[in-house]
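A short write-up of the structure that comes next.
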Amino acid sequence: MFNLTRRSALLGLSTAFTTGGVSLALADAPTDRRFVVVLLRGALDGMSAVVPYGDRDLTSLRGELLPPAPGQSGGMFDLGGFFGMHPSLTNVHDMYRAGEALVVHAVAGPYRVRSHFEAQDYMESGADHRLTSGWLNRAVATMSGASAHRPEGNALAIGVAVPLLLRGPAMVGNWAPHGNFEPPASLYQEIAALNLPDHVTGPAIAEGLRARGFSTSVMAGDKDPDPGKRYAFPALARAAGELLRAAEGPRIAALEIYGWDTHVAQTPRLDRVLKQLDGGMQGLKEGLGPAWNQTAVLLMTEFGRTARVNGTQGTDHGTASVAFLLGGAVAGGRVAGQWPGLRAEQLFENRDLAPTTDVRSVAKGLLSEHLGLQEAVLASVFPASGSASPIRGLVQA
């Protein structure tokens, strides 16, 4: 059941600040339903993941970043005549067509900051300020005490750290594989790229890496010498599904995948990380097997990105993005949320997609309808969130 290779586990769980870094935490709960939260760290550009190609103002804002239109070679998947799903999300689109994927566009948290560190803390705490516990841990704590088959407590974190999302009153165990590992080439590429402009550290680091056998093409990011290292997320997500499927296994999981901060060369970078995410969601589904029908998955990010393309063919920190709900329990096959429009006067501060849905309303709706949490409990899970009412109809009746 717990079929993780040492390489995939270590690479997947220990590269939190590199492109493609992932980790996984698991929690127990007294239910046969499964609930998974995937944190997309770095701020996903929602308008590239789910493109509002029917908005007449889109092309003038970011024409260079748009994938081909639906029906064209390599084009986006049409979602009903106004939105199109990124062509790298092949498996997610299959889920959409099967009624197992729901998109909520123009979502954001209650905060209006563009700092990754602050926004990720707020996203995980479920508030507009930093708390010492995460909303998913508080939800688990309301559902059960320590279980007989998992005496170490309600939650098991796999990896070297537990995300804030699952820290709090519910007892958490920790597991990580033993042994040494070699960091992926992508880590060295990021270090070299960050130091390239510096006339002292740039050449020194490049020379040191060349001495260790890294070719110029590898350091330039032109070719990944071992593509398997870049795709640890699908293997980890599949393992999570196998654990969740087990009769006495956990019922709640939190995964995180990095690489969404696309300030530069967004098109190829986003294509790669979307493929990782897509493969991971398919792996999760396959790992869950029949339990997929009892599963709801929430994909969320700390904030969106600017509506306009910047001077380096990327986008900068913004406000609203997109949330995905996947799983056999989801009432999918549609795009939900209110589209705010892209005219200058419709943008938030004349730069960002304006938020129309509070992501806490999405999370509350899932916790309520899928896991059975009552209104009073939701108020403790998401403090001071009276303005964010649970969205109904997100899961199958």
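Here is how the numbers come out for the structure above:
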| item | result |
| --- | --- |
| Condition check for residue 130: modelled with pLDDT under 90 and closer than 19 Å to residue 302 by Cα | yes |
| Residue 184 in contact with a Lys or Arg (Cβ under 8 Å, 6 or more places away or on another chain), at pLDDT 55 or above and not hydroxyl-bearing (Ser, Thr, Tyr) | yes |
| The stretch 30-41, subset surrounded by fewer than 22 Cβ atoms within 10 Å (Cβ to Cβ) and not polar (S, T, N, Q), residue nearest to residue 283 (Cα to Cα) | 33 |
| Selection count, the stretch 116-135, where residues are part of a loop (DSSP other than H, G, I, E, B) and either of a type outside the set (Gly, Ala, Ser) or surrounded by fewer than 16 Cβ atoms within 10 Å (Cβ to Cβ) (or both) | 5 |
| Options 283, 259: the member that is crowded, with 22+ Cβ neighbours inside 10 Å and at positive phi | 259 |
| Selection count where residues are under 19 Å from the mean Cα position of the chain (by Cα) and more than 30 Å from residue 78 (Cβ to Cβ), scope the stretch 102-122 | 12 |
| Restricting the stretch 41-53 to residues that are of a type outside the set (Phe, Trp, Tyr) and in contact with a strand residue (DSSP E or B) (Cβ under 7 Å, 6 or more places away or on another chain), the residue that is farthest from residue 163 (Cα to Cα) | 51 |
| Any pair with Cβ under 6 angstrom, 6 or more apart, that starts in the stretch 285-301 at a residue that is closer than 10 Å to residue 328 by Cβ and ends at one that is in a helix (DSSP H, G or I) and of a type in the set (Gly, Ala, Ser) | 288/241 |
| Of the criteria (1) hydrophobic (A, V, I, L, M, F, W, C); (2) assigned to a helix (DSSP H, G or I); (3) over 27 Å from residue 294 (Cα atoms), which one residue 92 fails | (3) |
| Qualifying residues in the stretch 286-313 (those that are within 19 Å of the chain's Cα centre (by Cα) and not hydrophobic (A, V, I, L, M, F, W, C)) - the one surrounded by the most Cβ atoms within 10 Å (Cβ to Cβ) | 305 |
| Sole exception among (1) touching a strand residue (DSSP E or B) at 6+ places or on another chain (Cβ under 7 Å); (2) within 24 Å of residue 99 (Cβ to Cβ); (3) in a loop (DSSP other than H, G, I, E, B) for residue 38, by number | (3) |
| Qualifying residue in the stretch 76-96 (condition: small (Gly, Ala, Ser), surrounded by 20 or more Cβ atoms within 10 Å (Cβ to Cβ) and on the phi < 0 side of the Ramachandran plot) | yes |
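Yes or no, residue by residue, for (1) small (Gly, Ala, Ser); (2) part of a loop (DSSP other than H, G, I, E, B); (3) surrounded by 18 or more Cβ atoms within 10 Å (Cβ to Cβ); (4) at pLDDT 95 or above:
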{"site": "323", "(1), (2), (3), (4)": "yes, no, yes, yes"}
{"site": "328", "(1), (2), (3), (4)": "yes, yes, yes, yes"}
{"site": "338", "(1), (2), (3), (4)": "no, yes, no, yes"}
{"site": "341", "(1), (2), (3), (4)": "yes, yes, no, yes"}
{"site": "345", "(1), (2), (3), (4)": "no, no, no, yes"}
{"site": "350", "(1), (2), (3), (4)": "no, yes, no, yes"}
{"site": "360", "(1), (2), (3), (4)": "no, no, yes, yes"}
{"site": "368", "(1), (2), (3), (4)": "yes, no, yes, yes"}
{"site": "376", "(1), (2), (3), (4)": "yes, no, no, no"}
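The values are calculated or read from the model by the stated rules, or taken from the named source; none is laboratory data. These figures come from a predicted structure and were not determined experimentally. Cβ coordinates were reconstructed from backbone atoms using ideal geometry, including for glycine residues, and neighbour counts include every protein chain displayed.
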